[in-house]
1. Using alpha carbon centroids, what distance separates the range 156-170 and the range 333-358, in Å?
2. Can you work out the FRET efficiency for the pair V15 and E99, with r the C-beta to C-beta distance and R0 = 25 Å, to the nearest 0.05?
3. Suppose all protein chains stay in the model; what accessible area per residue would a 1.4 Å probe give for the range 253-376, in Å²?
4. What full-extension length gain, to one decimal in nm, is calculated for A22 and T133 as 0.36 nm per residue of separation minus the Cα-Cα distance?
5. Where the accessible area of the chain is counted over protein heavy atoms with a 1.4 Å probe, how much of it, in %, is carbon and sulfur?
6. How far is it, in nm, from the label point at L41 to the one at E91 when both lie 7 Å from their Cα along the line to the Cβ?
7. How far is helix 336-345 tilted off the main Cα axis of the chain, in degrees rounded to 10, range 0 to 90?
8. Rank by packing, highest mean first: peptides 145-151, 106-112, with packing defined as the count of other Cβ atoms within 10 Å averaged across residues.
Amino acid sequence: MTRRPSKRAFMAGLVAGLLFLAGATAQAAWLFVLAAGVLGLAVGSMLFRHRLKSARVERSTARRARVGDDVRLGFTIENDGRKPLPLMRLEDRFGAFGETTVLVERLDPGATARVELVRSAARRGAFSSGTTTLTTGAPFGFMTTRRVIELPTDVVVVPRWVELRSFPILEPSSFPSDVLHERARTGAGEEFIGVRDYRPGDPPRSVHWKSTARAGHLIVREFEEEVASRVALVLAGADTGEPPDSAFEMLVSAAASIGVYALQTGHPVDMVRPTSEGGVERLGDTDRFGLLDWLARAEPLDAPLTSLVAPALDRIGRRGTLVLLTPTTGEAAASLGDAVRLVQAAGSRAIVVAARSSSWHSGRGKSHSPDVPLRLDESRASVRMVSRGDDLVGSIGS
């Protein structure tokens, strides 16, 4: 807790000095009295002590929010002391919502004040604490007392996503090497394949009675197995622009939209991204909440996509789909062509979602790296390009 004279106190001292000078020049006693009153008021305020240590503050809000959504933010201020707390200004700096300033009225001993606001979740991320500053200059504003409090509050702000109408996870392909994505397998699906001899454990309802009568032994129907292929999302690259309006934030929203769509359509989802130590972080077999929380903590780290593809391929197998999400600058973009070829050599489907970094260049200040040619001319990857201001539904979901 700190105490120091305010600008008003220095101004009062200057005014008092001018009044003393004017009184001495004009030999006017009333000017001396006025100067003494102003100076005495300022000095007396310095002797008045604000007991902000007795203020107990709590912050309350939702545990999870989505970027751009309105969220209730509440503060509880309680006076635990034996003397009243003066009028105070509460300034809260919490990364999820930016800066908030409210006025707290005078609190008697044991009294409690509650303030509730509606704020917009401004930044994606996982936040655990933020500082709250109590400031008062009562009663006249000549002496300012300030107390800074660290308030723990766990909030996860997940990226904004859109509901996609479609995405080519298992759409028919015209390339012979992609026929494996459509190959039928025997199982307990709904598509009829043929008949075969009965095996112990086959359900009675699968018996084909006409074929059984002709063959003289049990014959059962055989159906195509409904196998949901795995989907892996690989996210890497440096950022351009200022979050939340930046190339990497657009890619995070795209990853959230694709991941949610894959889960809704029954596909197991894996997530892969680089770490700041040069390693690989992977999340497997997650649900919607796990996927969004994982993306909330994603950071713009530039790394070659080729180093991230192998861990993803280990999980998705030959019937899987691998989605590569990268901006068009840096090592990630430069390695995109090689990464796509690795995916296709493994027999998996490659889909590219690239954010055109140049569309986020402000045109002012420091120079920016130019877009890297993606070099996908000879590949058969499905490519989705997104730029600043684009609608994700139209850009990646068409």
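The values are calculated or read from the model by the stated rules, or taken from the named source; none is laboratory data. Only a predicted model underlies this, so the values are computations on that prediction, with no experimental measurement involved. Heads up, the Cβs are rebuilt from the backbone with ideal geometry, glycines too, and the neighbour counts pull from every protein chain shown. What goes into the accessible areas is simple: the full protein's heavy atoms, side chains included, and nothing from ligands, DNA or RNA. Shrake-Rupley method; radii C 1.70, N 1.55, O 1.52, S 1.80 Å.
1. Cα centroid of the range 156-170 versus Cα centroid of the range 333-358: 19 Å apart.
2. Efficiency, rounded to the nearest 0.05: 0.15.
3. Roughly 41 Å² per residue, with all protein chains present.
4. 35.9 nm
5. Carbon with sulfur: 53 percent of the solvent-accessible area.
6. Using points 7 Å along Cα→Cβ, the separation is 2.5 nm.
7. Orientation of helix 336-345: about 30 degrees from the principal axis.
8. 145-151, 106-112
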